[in-house]
1. Calculate, axis by axis, the spread of Cα positions in the range A:1-141 along the three principal axes, and write the results as whole Å, longest axis first.
2. Name the GluC sites (Glu not before Pro) in the range A:179-236 that are in a loop by DSSP and that have at most 11 other C-beta atoms within 10 Å, would you?
3. Relative to the longest principal axis of the C-alpha atoms of chain A, give the angle of the C-alpha long axis of helix A:139-151, reported between 0 and 90° and rounded to the nearest 10°.
4. Within the set of other residues whose C-beta is less than 12 Å from the C-beta of A:Ala82, count the net charge using Lys and Arg as +1 and Asp and Glu as -1.
5. Stretched out fully, how many nm does the piece from B:Thr25 to B:Thr459 gain, at 0.36 nm a residue minus the Cα gap?
6. With viscosity set to 0.890 mPa s and temperature to 25 °C, compute the Stokes-Einstein D of the range B:322-459, Rh being the Kirkwood radius across alpha carbon pairs; µm²/s, no decimals.
7. At 7 Å along Cα-to-Cβ for each site, give me the label-to-label distance between A:Thr27 and B:Leu492 in nm.
8. Under unit Cβ charges (Lys, Arg +1; Asp, Glu -1), what dipole magnitude, rounded to 20 debye, does the protein assembly as shown have relative to its Cα centre?
Amino acid sequence: MTQIALEKVSRVYGDEKALQDIDLTFTDDVTTAVVGPSGSGKSTLLQVINGLVRPSHGTVFVFGEPIDYARLPELRLRIGYAVQGTGLFPHLTVEENITLLARLVKWDAEQVKARTEELMRLVNLPLSFARRYPHELSGGQQQRVGLCRAMVLNPRIFLLDEPFGALDPITRNEIQREFLHLQQMEARTIVLVTHDLREALKLAQRLVVLDRGSLVQHGTRKEILEDPANGFVRSFFQSQLEQ
Amino acid sequence: MRTAVISLVTLLSLLLGPDTAGGQTVVVGSKHFNEGYILAEISAQLLEDRGFRVERKFGLGGTLVCFEALKNGEIDLYPEYSGTLEQAILKLPHRVSHRELREILRRRFDLDLLESFGFSNTYAIAVSRGLARERGLKTISDLAKLPNLRVGFSHEFLNRQDGWPGLARTYGLPARPVGIEHGLAYHAIREKRLDVTDVYSTDGDIKKFDLVLLEDDRRYFPEYLAALLVRSGLDEQIKRILGELAGTITAAEMQGLNGQVLLERKSFAEVAQQFLREEGLLRSQGTALLGSRWGTLLFRAATHIELTLIALVAGMAVAIPGGIMIYRLRAISKPVVYLAGLLQTIPSIALLAFMIPFFGIGATPAIVALFLYALLPILRNTAAALFSIDPVLKRVSVGMGLTAWQRLRYVELPLAAPTILAGIKTAAVINIGTATLAAFIGAGGLGEPIVTGLALNDTALILEGAVPAALLAVVTEWGFEGLEKLLIPKHLLQKPAE
């Protein structure tokens, strides 16, 4: 089953075209990184997949069907979503943040507890953190909680919007390793938006390059590095990787 | 402890409505000045002596409040003055006899004016004895020669046709008077901040503050015969009993009764009972005088809390959903907040007065007014708190798959809670303060001694209401702080500046 596909998708804000006529099928069960300069429409592309942004034209297919905009919450429960700066709810403890969705879909208490412990172990969070509030955790720890929260219902699709952007290099390295480990254990279809090309090359098997709302190239790491579609892709990669 | 239980029981019976099994209940009203209280208390005790239940709605704010309340059947009777009826109520162009006045009242309002108590309490103009001697003031005409005197009149006198406007015309007075609360005027004169004010000719205060009445040398002020004004529908037997009071009090006696309250600090109940006994009007031994001081205080505080609490809960029930609606429908946010703000700018006493035609007097109009005051702080804080939630958290909660209701319940309201609670706290404290004014429309509470104290120039009595009201406000603040600690994670509360 093709889990995510975009068909002639455009998104217009006034005169500005955030996405232009995009045809794109994401490969199942691998990580695809969306890269491009800022303002190229990376975040918008991610947000049309879970309906946070509704296309002006075109159709978005998720789990093989066009999105039903009247029933978005149901769809979103099947899609994990994590953002930069974690977006953890400050009034909920670590445990409450992680389990909110599970409790709302009425899992029983045993199941909720087991899942929490499983997830926290998976991302190397001490179980003693369960009762703490987000502000009592370091940036890296918060990011791990954010991942646990996105994974709690075990979604087949994962949307990650610059999830490791605000971390220091050492912590980022650590979490990136854990991310790869997670993906090895249980493959998901992951769309990762990042401004950091090195991160994209490290975590993703496939890349999507955007420029001013248009799709410039889509392929494996190797294809894009060895055969850039045009001068823009070549110079973008050169400038990014030389830094 | 016992008094607490008693006041609790009284409160309960108040909530459950008056018990009418033990004979007819008569509601006696009075304006909020000394003589009004005394005459009303005399009438009330006479009726109680003859086996009627009496509900006292004393200290109502002004002539119109009393008259409207009587017309609407909120009260059965109150002491009024013939001149006030002619001028302030009926706005008659010329003087009429007592008999004609009764005729008009019966025809137009279905009200009965009983025979006068026997004295006239007319307006008079007063100055301090020192000033009168110094400037040789004897008559009101003398005032015309002294344009620089500081003149302050009660608001009612200032605006009545038979008050200042006519007086100034008749005597050609040049003064530019200011409005001042009647009770405060005496103090202002004693402190030499005011030279001239209006008084009633039977005021006990005249003696107390050593004032001199200026002679009305052009016979401007009409007669103000004191009499009970009652609903025509009132039981004939009751009217007959009240008729026994006709002609029992002379002007000098009235000054004496006023003085007993003002100078000797006797209670209205005491003065009234003594008067009735001396006149031989009491059949029984007389009713026991009011309950203990603490019992009264607790009862007032309970009433006060009841008024505030009902208004606050109703305010929350409307303003919190209202704030949420504003948040969801941005377009209506400005008009709604402006409207609530407009309500807030209406002076409390005016808002209370507006309520009377719709809700009469007593607890209901007071609660409605307090409810209106509670709306703005809660509404504004609710909407502002929801609007200011971090947009990332809003996006995440949508993206995770929460429905609109779930977002509100699990994310938005909990995050907004500290600010909403602060709004409720503001509303509660405003309400406790404003509720003291509710006594002006007969709602009782801690405002009762304040209103009476103002009428009597009795600072101690004012404090008897003001201090508990202030304490109640402080306790409320504490209560809300405790509630915050209980309901809201510490790190979400605003920290004091470090």
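1. Extents along the principal axes, in whole Å: 50, 31, 27.
2. Working: sites: A:Glu186, A:Glu199, A:Glu223, A:Glu226; in loops: A:Glu186.
Those that pass, being in a loop and sparsely packed, are A:Glu186.
3. Between the helix axis and the principal axis of chain A, the angle is about 90 degrees.
4. Details: positive: A:Arg144, A:Arg149, B:Arg395; negative: A:Asp161, A:Glu162.
Net local charge, A:Ala82 excluded: +1.
5. Details: separation 434, 0.36 × 434 = 156.24 nm, distance 3.31 nm.
In short, 152.9 nm is gained.
6. Details: Rh = 17.0 Å.
Result for D is 144 µm²/s.
7. 4.5 nm
8. On the way: 79 positive and 79 negative charges, 170 e Å.
Magnitude of the dipole: close to 820 debye.
The values are calculated or read from the model by the stated rules, or taken from the named source; none is laboratory data. Keep in mind it's a predicted model, so treat the numbers as computed, not measured. Neighbour counts are summed over all protein chains in view; Cβ atoms, including those assigned to glycine, are modelled from backbone coordinates with ideal geometry. Calculation scope for accessible area: heavy atoms of the full protein, side chains included, ligands and nucleic acids excluded. Shrake-Rupley method; radii C 1.70, N 1.55, O 1.52, S 1.80 Å.
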